[in-house]
Amino acid sequence: MSTAALTDLLPCETDSPEATHALGRRLAERLRPGDVVALYGDLGAGKTQLVKGIAAGLGIPDVEVSSPTFTLVHEYRDGRLPLYHFDAYRLRNLEEFFDLGYEEYFYGDGVSVVEWADRVEPLLPPHALRLRLEHLGGDRRRITWHEAPPSPDGRQARL
């Protein structure tokens, strides 16, 4: 996905889980096969809510979507495109991600979304859409995109 296609969506602030979900739905309209969305942010930043919105935008019932914390990846194939939802939080090393066959997902027929993308950054393709979600207090979130991995303080890091 071209980052130029995001200028009307991002950066933005949302003020509720529903607004974060709605942003995910709008983002999904622009996703194509082989797109990889890398999500960065602390616990409670809204990553899973955004994924639920992406799923809904792809035609996948968002009630089916949960964080794949213990399985590393959930596959949803009922939408306009397959959705591959990764959660790298409990990943012990990059070899575990290799063992999943991540390349088949990343370069396949669906959309891959990776929560805790900083843990697999060396394996992300150059075309990955990198989104940083920041908790601003209460239900407020700031969502920004980066061409390089975002640094922990939210500024764009250099590769």
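The values are calculated or read from the model by the stated rules, or taken from the named source; none is laboratory data. From a predicted model like this one, the values you see are computed outputs, not experimental measurements. FYI the Cβ positions are ideal-geometry reconstructions off the backbone, even for glycines, and counts take in every protein chain you see. In case anyone asks, the SASA skips ligands and DNA or RNA and just uses the protein heavy atoms, side chains included. Shrake-Rupley method; radii C 1.70, N 1.55, O 1.52, S 1.80 Å.
Summary table below
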{"read-out": "Flag if Gly79 is open to solvent by 10 Å² or more (accessible area, probe 1.4 Å) and at positive phi", "value": "no"}
{"read-out": "Failed item, numbered, when Ser112 is tested on (1) modelled with pLDDT under 90; (2) of a type in the set (S, T, N, Q); (3) open to solvent by less than 20 Å² (accessible area, probe 1.4 Å)", "value": "(1)"}
{"read-out": "Some residue of segment 133-145 being at pLDDT 90 or above, among the hydrophobic types (A, V, I, L, M, F, W, C) and open to solvent by less than 20 Å² (accessible area, probe 1.4 Å)", "value": "yes"}
{"read-out": "One residue from Phe70, Phe97, Phe106, Phe86 being of a type in the set (Phe, Trp, Tyr), at pLDDT below 90 and either at negative phi or open to solvent by 10 Å² or more (accessible area, probe 1.4 Å) (or both)", "value": "Phe70"}
{"read-out": "The one condition in (1) within 16 Å of the chain's Cα centre (by Cα); (2) over 14 Å from Ala38 (Cα atoms); (3) at pLDDT below 90 that Leu159 fails to fulfil", "value": "(1)"}
{"read-out": "Hits in segment 101-117 - residues which are in a helix (DSSP H, G or I) and among the hydrophobic types (A, V, I, L, M, F, W, C)", "value": "Phe106, Ala117"}
{"read-out": "Positions within segment 35-45 being at pLDDT 95 or above and surrounded by fewer than 22 Cβ atoms within 10 Å (Cβ to Cβ), in sequence order", "value": "Asp35"}
